[in-house]
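K.L.:
Dropping a structure here in C-alpha cells format, bear with me for questions.
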Amino acid sequence: MSIKIILAGPRGKMGTSAVNMILNNEKFELVACLDHRYENKKLSEILPQFNKEVPIYTDMEQLFKEVSADVFVDLTIPEVGYKHTLAALENNLRPVVGTSGFSNEQIDTLTKLAKEKKLGGIIAPNFAVGAVLMMEFSKQAAKYFPDVEIIEKHHDNKVDAPSGTAMKTLELIKNERKEKSQGHPDEFEIIKGARGAESEGVHVHSVRLPGLVAHQEVIFGGKSQLLTIKHDSFDRESFMDGIALSINAVLDLEELVYGLEHIL
Ligand code: NAP
C-alpha cells in the first residue's frame, strides 16, 4: 500500500523538488497540497510541469477534514509552518518538517503532543545526508578544539538567520566543547555585528547572496593548525533523499525527533 502524503508549499523551491520526488516514488502518493494563494485548483493548474489532478487547498482545517493521509510534509515559512505542524499532529498525521526557524518552545510543544498521541514525526534543519555528517564530525572535533566559529551561507530569499543547520551545529558543539569565549577578551567592533552573532562564546556568521543555495563551514583553530569541516548543497535535490527516508521512517516512530541523524 502506498504512503499518502499532504504537502504544504508546493510552489516553493523545496516544495517543487518535493512534488517531483513524491510523484516519482512508487511507494508514495501525493493526495493534496496546501497553498495559501490558490483556491479550488489542481496541481496541474499551478505547476503545469506536473500533469496531475492533485487537489490544492488554502484552508488547512478543511483540508484535514476532507483528505485522509499518513504523512504531512511542510516546506513553507516558520510563521505558518508551526501552525500547520501542530494542526497535522492534532489530526493524527505524521509530520516531516523541513521549514526552518521554529523556536525551542515550539519544538518542545510539538514533541510533547507527538508523544501524547504516539505519532512519529521529524523536524530536520537539514535533510542533506552530507550536512548531517558535517554536523556529526564538528561535534567530534569540538572535543579537541574549543576554538570554533561557524560561517553559514544561503540564498538571499532566506528569512531566518542563523540557519537551522547552524543552530543545530551550535547545540551539538556546545555539548562537547569546553566553555570558552571566542576571540580576544578586549575585542570591540568598529562596525556593529562585525564579529557575527554569538551564543555561549561561539560566533556565527550568516552570509546571504544570490547564487548560493545552502553552505556551511565550521572552522576549528588550534596551535599552528586549522581544521575546516565544510558542506555545500548546490541544488534542492540534495535534500530529497533525506525527505524520502523521513517519510518512510515516521511511520515506524512513536515520537517526534529533531534532526535527520536520529533516523539514519
Ligand atoms: P521558498 O521557495 O520561498 O518557498 C516557500 C513556500 O512557502 C512558497 O511557495 C510560499 O508561497 C509558501 N508559503 C508562504 N506563506 C505560506 C502560507 N501562509 N501557507 C502556505 N504556504 C506558504 O523557500 P524554499 O527555499 O523552498 O524553502 C522552504 C523552507 O524550507 C524554508 O523554511 C527553508 O528555510 C527550508 N529549507 C529547509 C531545508 C532542509 O533541509 N530542512 C533545506 C532548504 C530549505 P509564496 O511564494 O506564494 O509566498
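K.L.:
I want to confirm something. Restricting to the stretch 244-253 and keeping residues that are under 18 Å from E26 (Cα atoms) and out of contact with any helix residue (DSSP H, G or I) (no Cβ under 9 Å at 6 or more places or on another chain), which single residue is nearest to the ligand (Cβ to nearest atom)?
P.N.:
Result: V250.
K.L.:
Sticking with this structure for a sec: Using beta carbons and a limit of 6 Å, which pairs, at least six apart or on different chains, have the first residue in the stretch 68-88 and over 20 Å from A244 (Cβ atoms) and the second one more than 12 Å from the ligand (Cβ to nearest atom) and not aliphatic (A, V, I, L, M)?
P.N.:
Y82/Q106
K.L.:
In addition: Could we say that F220 is touching an Asp or Glu at 6+ places or on another chain (Cβ under 7 Å), more than 30 Å from M21 (Cα to Cα) and more than 14 Å from the ligand (Cβ to nearest atom) here?
P.N.:
Criteria met by F220.
K.L.:
Look at L93 and say whether it is open to solvent by less than 60 Å² (accessible area, probe 1.4 Å) and farther than 18 Å from I3 by Cβ.
P.N.:
Answer is no for this residue.
K.L.:
Assess whether D186 counts as being assigned to a strand (DSSP E or B) and not hydrophobic (A, V, I, L, M, F, W, C).
P.N.:
no
K.L.:
While we're on this one: Only one of (1) without any contact (Cβ under 8 Å) to a residue 40 or more places away in the chain; (2) surrounded by 13 or more Cβ atoms within 10 Å (Cβ to Cβ) fails for K180. Which number is that?
P.N.:
(2)
K.L.:
Report, by residue number, each residue of the stretch 110-124 that is of a type outside the set (G, A, S), closer than 25 Å to S163 by Cβ and open to solvent by less than 30 Å² (accessible area, probe 1.4 Å).
P.N.:
Result: L110, I122, I123.
K.L.:
Still on this model: Just to be sure, is D241 open to solvent by 50 Å² or more (accessible area, probe 1.4 Å), within 16 Å of the ligand (Cβ to nearest atom) and in the same structural domain as I122 (by TED's automatic domain parsing)?
P.N.:
So D241 fits the description; yes.
K.L.:
At least 2 residues that are open to solvent by 90 Å² or more (accessible area, probe 1.4 Å) in each: list the helices (runs of 4 or more DSSP H) lying fully within the stretch 1-72 that qualify.
P.N.:
60-66
K.L.:
Being touching a Lys or Arg at 6+ places or on another chain (Cβ under 6 Å) and within 15 Å of the ligand (Cβ to nearest atom) is the filter here, so list the residues in the stretch 47-72 that pass it.
P.N.:
Once the filter is applied, which keeps residues that are touching a Lys or Arg at 6+ places or on another chain (Cβ under 6 Å) and within 15 Å of the ligand (Cβ to nearest atom), the stretch 47-72 yields only I56.
K.L.:
Same structure again: So, of the residues in the stretch 221-231 that are in contact (Cβ under 8 Å) with a residue 24 or more places away in the chain and not hydrophobic (A, V, I, L, M, F, W, C), which turns out to be most open to solvent (accessible area, probe 1.4 Å)?
P.N.:
Filtering the stretch 221-231 for residues that are in contact (Cβ under 8 Å) with a residue 24 or more places away in the chain and not hydrophobic (A, V, I, L, M, F, W, C), the one most open to solvent (accessible area, probe 1.4 Å) comes out as K230.
K.L.:
Moving on. Can you name the number of the only condition in (1) within 13 Å of the ligand (Cβ to nearest atom); (2) over 28 Å from S233 (Cα atoms); (3) at pLDDT 95 or above that Y38 fails?
P.N.:
All conditions are met except number (3).
K.L.:
Also: Considering only residues that are in a loop (DSSP other than H, G, I, E, B) and among the β-branched types (V, I, T), look in the stretch 189-220 and name the one that is least open to solvent (accessible area, probe 1.4 Å).
P.N.:
Within the stretch 189-220, the match that is least open to solvent (accessible area, probe 1.4 Å) is V213.
K.L.:
Okay, moving on. Being within 16 Å of the ligand (Cβ to nearest atom), buried (at least 18 other Cβ atoms within 10 Å of the Cβ) and among the β-branched types (V, I, T) is the filter here, so list the residues in the stretch 133-175 that pass it.
P.N.:
Answer for the stretch 133-175, where residues must be within 16 Å of the ligand (Cβ to nearest atom), buried (at least 18 other Cβ atoms within 10 Å of the Cβ) and among the β-branched types (V, I, T): T165, T169.
K.L.:
Can you report the number of residues in the stretch 96-140 which are assigned to a strand (DSSP E or B) and in contact with a Phe, Trp or Tyr (Cβ under 8 Å, 6 or more places away or on another chain)?
P.N.:
3
K.L.:
For the stretch 73-90, how many residues meet the condition of being at pLDDT below 95 and open to solvent by less than 70 Å² (accessible area, probe 1.4 Å)?
P.N.:
Matching residues across the stretch 73-90 total 1.
The values are calculated or read from the model by the stated rules, or taken from the named source; none is laboratory data. Everything quoted here is computed from the prediction, not taken from an experiment. Note that we place each Cβ from the backbone using ideal geometry, even for glycine, and neighbour counts take in every protein chain shown. These accessible areas exclude ligands, DNA and RNA; they are computed on the full protein's heavy atoms, side chains included. Shrake-Rupley method; radii C 1.70, N 1.55, O 1.52, S 1.80 Å.
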